[in-house]
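The values are calculated or read from the model by the stated rules, or taken from the named source; none is laboratory data. Treat the numbers as computed from the prediction; the structure is a model and nothing was measured. Cβ placement follows ideal geometry from the backbone for every residue including glycine, while neighbour counts extend to all protein chains displayed. When the accessible area is computed, the model is the full protein with side chains, heavy atoms only, and any ligands, DNA or RNA have been set aside. Shrake-Rupley method; radii C 1.70, N 1.55, O 1.52, S 1.80 Å.
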Amino acid sequence: MYKMQYSEPMFKDKVLKDKTIVVTGGGTGLGKSMSTYFSQLGANIVITSRKLDVLKKTAEEIETETGGRVLAVACDVRKEDEVKALLAETLKEFGAVNGLLNNAAGNFISPTERLSPKAFSVILDIVLKGTINCTLTFGKHWIEQKSPATVLNIVT
């Protein structure tokens, strides 16, 4: 069996220095892993979800591991006013935002025959409406500021 070996990392050290990236669903799982990697690359990180206690613990872990700055902000991405507050807190803390990773998801284990229409709607509201709320709010800010930025949408 062939084993691939890499002599260099994918990105150069500190390639994201002085950049700020907001990660929805950043307290656990893939969002936490990507936030940690962005921080290792030098970015300021803003992690958000509905659970502030989880976010604070994750922010502390990432800061300890990487030495970077991580801001934890509770936000329900389904609510446009909370997303606007997230943007405002990010700008207050870091002065700018350069990237948005839409990673928030509503997941729970349930056999299909027990999945209610309401439960399905909650999942759609978080994944789809949350992505729309964040992308529109941040996108309008970037357009107004004539600022280049990047949006990455994770659908799991």
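For the range 84-93, indicate whether the set of residues that are open to solvent by less than 30 Å² (accessible area, probe 1.4 Å) and under 16 Å from residue 150 (Cβ atoms) is non-empty. Even if it seems obvious, please write down each step before you answer.
Of all residues in the range 84-93, those open to solvent by less than 30 Å² (accessible area, probe 1.4 Å) come to 86-87, 90.
Next, from what is left, pick out any that are under 16 Å from residue 150 (Cβ atoms): 87, 90.
Taking every residue of the range 84-93 in turn, at least one turns out to be open to solvent by less than 30 Å² (accessible area, probe 1.4 Å) and under 16 Å from residue 150 (Cβ atoms).
Okay, residues lined up against (1) touching a residue at least 40 places away in the same chain (Cβ under 8 Å); (2) open to solvent by 50 Å² or more (accessible area, probe 1.4 Å):
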site	(1), (2)
69	no, yes
99	yes, no
112	no, yes
120	no, yes
126	yes, no
136	no, yes
139	no, no
144	no, yes
147	yes, no
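Got a sec? Which of 73, 15 is open to solvent by less than 20 Å² (accessible area, probe 1.4 Å) and either touching a helix residue (DSSP H, G or I) at 6+ places or on another chain (Cβ under 9 Å) or among the β-branched types (Val, Ile, Thr) (or both)? Write out each step before concluding.
Values: 15 fails: open to solvent by less than 20 Å² (accessible area, probe 1.4 Å).
None of the others qualify; the one that does is 73.
Among 144, 89, 113, which is over 19 Å from residue 43 (Cα atoms), at pLDDT 90 or above and of a type in the set (Asp, Glu)?
144
Going residue by residue through the range 95-118, is there one that turns out to be assigned to a helix (DSSP H, G or I) and either among the small types (Gly, Ala, Ser) or closer than 30 Å to residue 15 by Cβ (or both)?
First, pick out the residues of the range 95-118 that are assigned to a helix (DSSP H, G or I): 112-114, 117-118.
Checking the rest, the ones that are also either among the small types (Gly, Ala, Ser) or closer than 30 Å to residue 15 by Cβ (or both) come to none.
Checked against the condition, which is being assigned to a helix (DSSP H, G or I) and either among the small types (Gly, Ala, Ser) or closer than 30 Å to residue 15 by Cβ (or both), the range 95-118 yields no hits at all.
Specify which of the listed residues (135, 112) is of a type in the set (Ser, Thr, Tyr) and closer than 15 Å to residue 25 by Cα. Break it down into steps so the answer makes sense when it comes.
On the way: 112 fails: closer than 15 Å to residue 25 by Cα.
On inspection, the qualifying residue turns out to be 135.
Residue check: is residue 28 open to solvent by 20 Å² or more (accessible area, probe 1.4 Å) and either of a type outside the set (Asp, Glu) or touching a residue at least 60 places away in the same chain (Cβ under 8 Å) (or both)?
Working: open to solvent by 20 Å² or more (accessible area, probe 1.4 Å): yes; either of a type outside the set (Asp, Glu) or touching a residue at least 60 places away in the same chain (Cβ under 8 Å) (or both): yes.
Against the criterion (open to solvent by 20 Å² or more (accessible area, probe 1.4 Å) and either of a type outside the set (Asp, Glu) or touching a residue at least 60 places away in the same chain (Cβ under 8 Å) (or both)), residue 28 qualifies.
Every residue, every condition in (1) touching a strand residue (DSSP E or B) at 6+ places or on another chain (Cβ under 9 Å); (2) among the aliphatic types (A, V, I, L, M); (3) at pLDDT 95 or above; (4) more than 19 Å from residue 20 (Cβ to Cβ), yes or no:
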residue: 70; (1), (2), (3), (4): yes, yes, yes, no
residue: 81; (1), (2), (3), (4): no, no, yes, yes
residue: 85; (1), (2), (3), (4): yes, yes, yes, no
residue: 107; (1), (2), (3), (4): no, no, no, yes
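Scan the range 34-67 for residues that are hydroxyl-bearing (Ser, Thr, Tyr), closer than 23 Å to residue 12 by Cα and in contact (Cβ under 8 Å) with a residue 24 or more places away in the chain and jot them down. Break it down stepwise before answering.
Applying the first criterion (hydroxyl-bearing (Ser, Thr, Tyr)) to the range 34-67 yields 35-37, 39, 48-49, 58, 64, 66.
Okay, now just the ones that are also closer than 23 Å to residue 12 by Cα, so 35-37, 39, 64, 66.
35, 36, 39, 66 - these are the residues of the range 34-67 that are hydroxyl-bearing (Ser, Thr, Tyr), closer than 23 Å to residue 12 by Cα and in contact (Cβ under 8 Å) with a residue 24 or more places away in the chain.
Out of the range 31-51, which residues are touching a strand residue (DSSP E or B) at 6+ places or on another chain (Cβ under 6 Å), open to solvent by 10 Å² or more (accessible area, probe 1.4 Å) and in a strand (DSSP E or B)?
44
Name every residue in the range 93-129 that is over 22 Å from residue 53 (Cβ atoms) and charged (D, E, K, R), in order of residue number.
The initial filter retains those residues of the range 93-129 that are over 22 Å from residue 53 (Cβ atoms), namely 94-100, 102, 109-121, 123-125, 127-129.
Passing the criteria: 113, 114, 118, 125, 129.
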